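Participant: Sharing a structure here in structure tokens format.
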Amino acid sequence: MSDTEGLVIKNTGSWYTVLTDGGNTIDCKIKGNFRLKGIRSTNPVAVGDRVEIVRNHEGTAFITNICDRRNYIIRKSSNLSKQSHIIAANVDQAFLIVTVKYPETSTTFIDRFLASAEAYSVPVTLVFNKVDLLQDDERRYLDMMVTLYETVGYDCLKVSAETKEGMDRLLPLLKDKITLFSGNSGVGKSTMLNFIVPGAELRTAEISDAHNTGMHTTTFSEMLPLTDGGWVIDTPGIKGFGTFNMEPEEICGYFKEIFKFSKGCRFNNCTHTHEPGCAVRKAVEEHYIAESRYVSYLSMLEDKEEGKYLSLIHISEPTRPISIS
């Protein structure tokens with residue numbers, strides 16, 4: 001086994017921890033002139049990357065090359081510059097942790113995440129957390145949300161990371177997979193990962209009473225190994241999820257049910273906003289397409305303001321959306 005190649009399992013912003021093919025961990029840096037072709041990034045190396053390294057006399061190493069990626073997750077740098085911040089690479093699936101209360105995850109956030117993942121064939125499971133805190137009316141809303149997204153075609157889980165309700169259904173889905181855990185701050189991601197990975201000891205925080213919003217507890221990305229095989233990737237909580245290099249005419253294809261009904265539109269180039277004979281708008285009016293999903297679609301069409309939303313999933317060679325029967 002070699003110590004010249006390995007997997008980046010932690011990124012603190014200034015150092016990268018690499019698990020070498022020889023089974024050792026080594027702290028690495030990148031040289032000042034290291035650049036990833038085609039990407040202006042504050043951190044060109046990401047958790048999940050396969051890299052080549054060269055050891056130095058101090059017992060650390062320099063990363064000299066990034067192996068080809070299957071995919072990566074990227075966000076706009078928080079300083080609002082034109083650079084990006086790559087969060088993770090080479091994931092098999094994503095678990096989006098959402099809550100209908102304490103705090104409430106917006107359907108716009110969920111739909112943007114799903115559309116971005118759909119664009120690049122990253123499977124997503126929606127994990128509705130904190131079900132133990134819900135009152136009867138909130139549980140009815142939760143059931144309605146689950147029905148909506150399952151009807152569209154997404155797997156949904158109802159769990160409580162606090163009481164462990166439903167976690168027995170989640171755990172088998174992680175085996176031998178590299179799974180990204182993402183979501184707004186405060187949705188209970190750290191509590192969930194502390195249960196999934198005993199000994200992880202990730203920090204958790206109380207919800208802000210004033211705004212019913214979460215506080216950031218994770219400040220860097222890290223891969224955590226699972227006892228039965230596979231990895232989970234813990235990432236900082238994010239506020240928005242948006243489009244990147246996505247043309248307006250492509251967006252319809254990333255909403256499964258909208259794409260299905262669009263085949264009945266009078267015009268091939270229908271934007272589903274105003275055209276006569278639009279089968280999509282008719283389906284919305286007749287409740288075959290949820291109004292919340294249609295509103296999310298419209299918001300993505302209008303989203304041309306640079307930096308309006310901060311994060312996305314991107315694949316080096318995106319696959320085109322396929323026909324849904």
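Participant: Give the accessible area for SER106 in Å² (nearest 10); use a 1.4 Å probe, count only protein heavy atoms, and leave out ligands, DNA and RNA.
Facilitator: Near enough 50 Å² of accessible area.
Participant: By accessible area of protein heavy atoms, probe 1.4 Å, what ranking do LYS256, LYS158 get, highest first? Mind dumping the intermediate values first?
Facilitator: Values: LYS256 40, LYS158 90 Å².
Ranked list, largest accessible area first: LYS158, LYS256.
Participant: If you filter region 89-140 for chymotrypsin sites (Phe, Trp or Tyr not before Pro), then keep DSSP loop positions with at most 12 other Cβ within 10 Å, what is left?
Facilitator: Numbers: sites: PHE95, PHE109, PHE113, TYR120, PHE128; in loops: TYR120.
Qualifying residues, ordered by number: none.
The values are calculated or read from the model by the stated rules, or taken from the named source; none is laboratory data. As the structure is a prediction and not an experimental result, all values here were calculated from the model. Cβ atoms come from the backbone with ideal geometry, glycine included; neighbour counts cover every protein chain shown. Note: accessible area is taken over every heavy atom of the protein model, side chains too, but ligands, DNA and RNA are not part of it. Shrake-Rupley method; radii C 1.70, N 1.55, O 1.52, S 1.80 Å.
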